[in-house]
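Reviewing the structure listed below.
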Amino acid sequence: MSSGELNSLYEASDAAAGLTFVVPKKEISMVPDMGKWKRSQAYADYMGFILTLNEGVKGKKVTCEYKVSETVEKLVDVLATMDRWIDETPPVDQPSRFGNKAYRTWFSKLDQEAEALVSSVLPADRMAAAPEIAVYLRESVGNPIRIDYGTGHEAAFAAFLCCLCKVGALRVDDQLAIVFTVFKKYLSVMRKLQRTYRMEPAGSQGVWGLDDFQFLPFIWGSSQFVDHPTLEPRHFIDERVVNEHHQDYMFLECIKFINEMKTGPFAEHSNQLWNISAVPSWSKVNQGLIRMYKAECLEKFPVIQHFKFGSLLSIQPVQP
């Protein structure tokens, strides 16, 4: 993506001034509708956003210096509130091993408060967007009926951040903070939810999927390693390397979490990642993961049927 294209997403905030905000709804109800999604403005904006951030974090450590704006601080507060609610909602005693019902209590709290949380982040002249953007925040934490979480929920959080860019709450110079501060905090809250309430992976492909729960931190995390002088893809299966460098690299933080949650040989419980460790360079890993993300997540009907479209992420086809 050119820098001109990158800025277009943020310039959309001027266009957002004239928008009538709507509560997003599902538009993809049958497999043939998938064509509408791939031609939509929403798909172009979403993918553009993911690739912009991918470019922004290239070769940079999580611990590098970057600007943290007031909006980013407010987003961290929102996530800290969600984190605190987990502490206030301990798991209940129940016979079933998976999907602790206390998650539903936690979720209903977010459901009620989502709009107020989003309002706390928005500029005063964009408050009308709160009901629209809050939908993506609600969708980003898992499903209260099935008590599961997967890449579709993760995509809703990326969509939530993309909408905040489109209304001008987040700016071009927030890019590093979006990934290294906001998304990193989101991941830590999701991991806490997964552990506390024993959430099921949504639509898991078992060992054939990349990971039970996440995908984006592997994309952005592999970009961080591009042109790294010493660490190669083969190193991430070495536990010593993971323990030494996980604070600096999102990819290794993900591997650390997998190592904590799963037992047995890495090649067996995380076969796809094991295969990736044989790829010769991080730039090849990064390109491969972007292709895999499109194919396995964004082009899969079971994932995209849940995606919601409004004025900011529109189902309308891209204007030529």
Checklist entry - Within the range 20-51, can you find the residues that are assigned to a loop (DSSP other than H, G, I, E, B) and either under 20 Å from PHE301 (Cβ atoms) or touching a Cys at 6+ places or on another chain (Cβ under 7 Å) (or both)? => result PRO24, GLU27, ILE28, SER29, MET30
Checklist entry - Given the conditions (1) open to solvent by 60 Å² or more (accessible area, probe 1.4 Å); (2) part of a helix (DSSP H, G or I); (3) more than 23 Å from HIS153 (Cβ to Cβ); (4) touching a helix residue (DSSP H, G or I) at 6+ places or on another chain (Cβ under 9 Å), and given that THR263 satisfies all but one, which numbered condition is not satisfied? => result (2)
Item to check | Flag for LEU164 being in contact (Cβ under 8 Å) with a residue 40 or more places away in the chain, surrounded by fewer than 24 Cβ atoms within 10 Å (Cβ to Cβ) and in a helix (DSSP H, G or I) | outcome: no
Checklist entry - Listed residues TRP274, TRP282; which is of a type outside the set (Asp, Glu), surrounded by 15 or more Cβ atoms within 10 Å (Cβ to Cβ) and either modelled with pLDDT under 95 or under 30 Å from PRO131 (Cα atoms) (or both)? => result TRP274
Checklist entry - Could you list, in sequence order, the residues of the range 95-128 that are more than 30 Å from CYS162 (Cα to Cα) and open to solvent by 40 Å² or more (accessible area, probe 1.4 Å)? => result PRO95, SER96, ARG97, PHE98, LYS101
Checklist entry - For LYS61, are the conditions met, namely being under 29 Å from SER314 (Cβ atoms), touching a residue at least 24 places away in the same chain (Cβ under 8 Å) and open to solvent by 70 Å² or more (accessible area, probe 1.4 Å)? => result no
Next on the checklist: Being assigned to a helix (DSSP H, G or I) and under 30 Å from ASP227 (Cα atoms) narrows it down to one residue among VAL72, VAL135, VAL68, VAL118; which is it?
Outcome noted: VAL72
Next on the checklist: Could you check the range 119-148 and list, in sequence order, the residues that are of a type in the set (Ser, Thr, Tyr) and either under 22 Å from VAL57 (Cβ atoms) or at pLDDT below 95 (or both)?
Outcome noted: TYR136, SER140
Next on the checklist: Given the condition under 30 Å from PRO131 (Cα atoms), in a helix (DSSP H, G or I) and of a type outside the set (Gly, Ala, Ser), answer yes or no: does some residue in the range 286-294 qualify?
Outcome noted: yes
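The values are calculated or read from the model by the stated rules, or taken from the named source; none is laboratory data. All values derive from a computational prediction rather than experimental measurement. Ideal geometry is used to build each Cβ from the backbone, glycine not excepted, and the neighbour counts take in all protein chains shown. Each accessible area value is taken on the protein alone, full model and side chains, heavy atoms only, with ligands, DNA and RNA left out. Shrake-Rupley method; radii C 1.70, N 1.55, O 1.52, S 1.80 Å.
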